[in-house]
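Before any comments, here is the structure.
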Amino acid sequence: MVGKSDVDATITELVMAFPAAFTHDPVRVQPLKLGIKDDLYARSDISHRRITAALRSYCNSVNYLAALRPGAVRVDLAGQPTGNVTEAQAKHAMEVLKALAKSAPKQGSKAASDASGTQAPATNKWRSPLQVTASVPKRSMTAAEAKMTTAPVEA
């Protein structure tokens, strides 16, 4: 099993090795080529397990899902165009984002404050929808919501 710190470190390694494809800057996040995992396996010394975990986290992040707009250009490891986001892919991303918005704690709510009245820290931008929903047990999800938040985004 790959831990959260390993995932964050692997994402940083990918950002450094492939800056045209990966970024920590939420404004510069762009859709990745479908099948990019195989390209990473071939071109990186990072273990397959770490690559898979990092891609899962990166591609299910709020920033990445927001970048999946209809017609948005997908890029390969060199930043070259390799296709476009389809309507169906963009729709799925929006559904996941809506589910995240419903399940995320409200900023400034009493539940987000601790006993001393200080604000709870912001959530990690690389958290996957599964991690976010699992950490907020406010209500049970319906089967449809669970399917939306656990279905992997194609990468």
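The values are calculated or read from the model by the stated rules, or taken from the named source; none is laboratory data. Note that the coordinates shown come from a computational prediction; the quantities given were computed from them, not determined experimentally. Glycine also receives a Cβ, built like all others from the backbone with ideal geometry; neighbour counts cover every protein chain displayed.
What is the one condition in (1) modelled with pLDDT of 95 or more; (2) not in a helix (DSSP H, G or I); (3) not charged (D, E, K, R) that Leu40 does not satisfy?
The one condition Leu40 does not meet is (2).
Mind checking which residues of the range 15-39 are touching a residue at least 24 places away in the same chain (Cβ under 8 Å), aliphatic (A, V, I, L, M) and closer than 26 Å to Pro70 by Cβ?
Answer for the range 15-39, where residues must be touching a residue at least 24 places away in the same chain (Cβ under 8 Å), aliphatic (A, V, I, L, M) and closer than 26 Å to Pro70 by Cβ: Ala20, Ala21, Val29, Leu32, Leu34, Ile36.
In the range 40-72, which residues are of a type in the set (D, E, K, R) and either more than 14 Å from Phe22 (Cα to Cα) or free of Cβ contacts under 8 Å to residues at least 24 places away in the same chain (or both)?
Result: Arg43, Asp45, Arg49, Arg50, Arg69.
I'd like the full set of residues that are within 12 Å of Ala21 (Cβ to Cβ) and surrounded by 20 or more Cβ atoms within 10 Å (Cβ to Cβ), limited to the range 73-90.
Within the range 73-90, Arg74, Val75, Leu77 meet the criteria.
Could you list, ordered by first residue, the pairs with Cβ atoms under 7 Å in which the first is in the range 73-101 and part of a strand (DSSP E or B) and the second is of a type in the set (Asp, Glu) and buried (at least 17 other Cβ atoms within 10 Å of the Cβ), at least 6 apart or interchain?
Listed by first residue and then by second, the contacts come to Thr82/Asp76.
Return a yes/no flag: does the range 118-125 have any residue that is at pLDDT below 95, surrounded by fewer than 17 Cβ atoms within 10 Å (Cβ to Cβ) and not in a loop (DSSP other than H, G, I, E, B).
yes
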